[in-house]
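The structure under discussion appears below in the form of structure tokens.
The values are calculated or read from the model by the stated rules, or taken from the named source; none is laboratory data. What you see is a predicted model, and the numbers here were worked out from it, not measured in a lab. As a convention, Cβ positions derive from the backbone with ideal geometry for all residues, glycine included, and neighbour counts pool all protein chains shown.
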Amino acid sequence: MQPYDAIVLVGFGGPEAPGEVMPFLRRVTAGRGIPDERLAEVGRHYHHFGGRSPINEQNRALLAALRVELDARGDDIPVLWGNRNSAPFLVDTLRQAYAAGHRRVLAVTTSAYACYSSCRQYRENLADAVTRLVSDGIEIVVDKIAPYAPRPGFARANLERLVDSMRAIDGTPDEQVSLLFVTHSIPTAMEETSGPGDAAGGLYQRQHLALASQLTEQSNRILGRHLSGELVFCSRSGPPTQPWLEPDVNDRIEQLARSGVEAVVLAPVGFVSDHMEVAYDLDTEAAATAGRLGMRLVRVPTVGTLPTFVRDLVDAVAERAAEARGHAVPGFPGRMPSVCASGCCPNMRVAARPALCGRD
């Protein structure tokens, strides 16, 4: 893994007790002027699960799985963990890394796609952490792997989950089944500027559609079906006047029920673990919608710690290390550069905010 002497798993973060919910939400929405009354509404999602998000435990499981895979390859590089919005905070993790003698680390984010909130915002938080350390006389270099949604291993892992789950509806006629690929909705302005600044934009949705098309074709072939998959969205927030990507998963389930569909398969390919957006928006809200309409709902697990996914993440790390040493790395359709292009996935609110791992 040279020149890297540590790997840092970078997560979004989440509360682990009821008293942490509001401070966490204030950090997530800092600078947006969202009143506590609105945050309290979102906080109910967390309190539905006892005030604890599942995301941190899932990151601990991913850390352990990465350790096992690295050990199997005979590599003892340390694997650390830092969050953007909750403990362990990125700045503290990087400070501890420096104290342990690490000087160049590689970040692996828990977000797979390209857009501001999925990539550049992580880069901004890394820049914030490094800037704070520099002010304390600590200098540490941080690189990151590229968004990995287009990687063949990510597709293989999602296909495994999808095919295994769809066995549950063997015998249900194709015309009674709908296959919905679910991801986090984002503002249309963010979607339109996702991708390299000199390109057409819209990369966030294109990456999802490419994966959905591939998974539909391959699962149909394996299972002998003829389903048509489509992309839907969840977790919309923001003011009603601001356009976000649609259709909402619940709205689409309602429409499908009216058209005679009896079973819906939800494949949350936009997420790498079953965290709050999956546990609440799909397993709670979408499941309630389907239940009210008398529809059968099959929810496909996220890739989580599936060995196929973990191996591919470690492959991505090894390839980034080889790239840093000046070696050529394998190509595949949709592969993104490890160093983001100038203007890639811009911050629409604070244009000049510094970000690491890019040319600007």
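Tabulated data for the structure shown
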| read-out | value |
| --- | --- |
| Exclusive hit being under 24 Å from the mean Cα position of the chain (by Cα), assigned by TED's automatic domain parsing to the domain that holds Glu277 and not in a helix (DSSP H, G or I), set Leu179, Leu162, Leu227 | Leu179 |
| Residues of region 217-239 satisfying the condition of being among the β-branched types (Val, Ile, Thr) and without any contact (Cβ under 8 Å) to a residue 24 or more places away in the chain | none |
| So Leu9, is it free of Cβ contacts under 8 Å to residues at least 40 places away in the same chain and under 23 Å from Glu124 (Cα atoms) | no |
| Residues being closer than 23 Å to Arg320 by Cα and outside any loop (DSSP other than H, G, I, E, B) - total across region 113-159 | 26 |
| Among (1) in the same structural domain as Pro187 (by TED's automatic domain parsing); (2) closer than 23 Å to Ala149 by Cβ, the one test that Ala318 misses | (1) |
| Residue match in region 99-109 (condition: outside the structural domain of Glu277 (by TED's automatic domain parsing), hydroxyl-bearing (Ser, Thr, Tyr) and part of a strand (DSSP E or B)) | yes |
| Single residue of region 298-343 satisfying the filter (outside any helix (DSSP H, G or I) and free of Cβ contacts under 8 Å to residues at least 12 places away in the same chain) that is farthest from Ala210 (Cα to Cα) | Gly326 |
| Positions within region 178-209 being touching a residue at least 40 places away in the same chain (Cβ under 8 Å) and within 19 Å of Val265 (Cβ to Cβ), in sequence order | Ser178, Leu179, Leu180, Phe181, Val182, Thr183, His184, His208 |
| The listed residue being surrounded by 17 or more Cβ atoms within 10 Å (Cβ to Cβ) and of a type outside the set (S, T, N, Q), out of Ala129, Ala210, Ala199 | Ala129 |
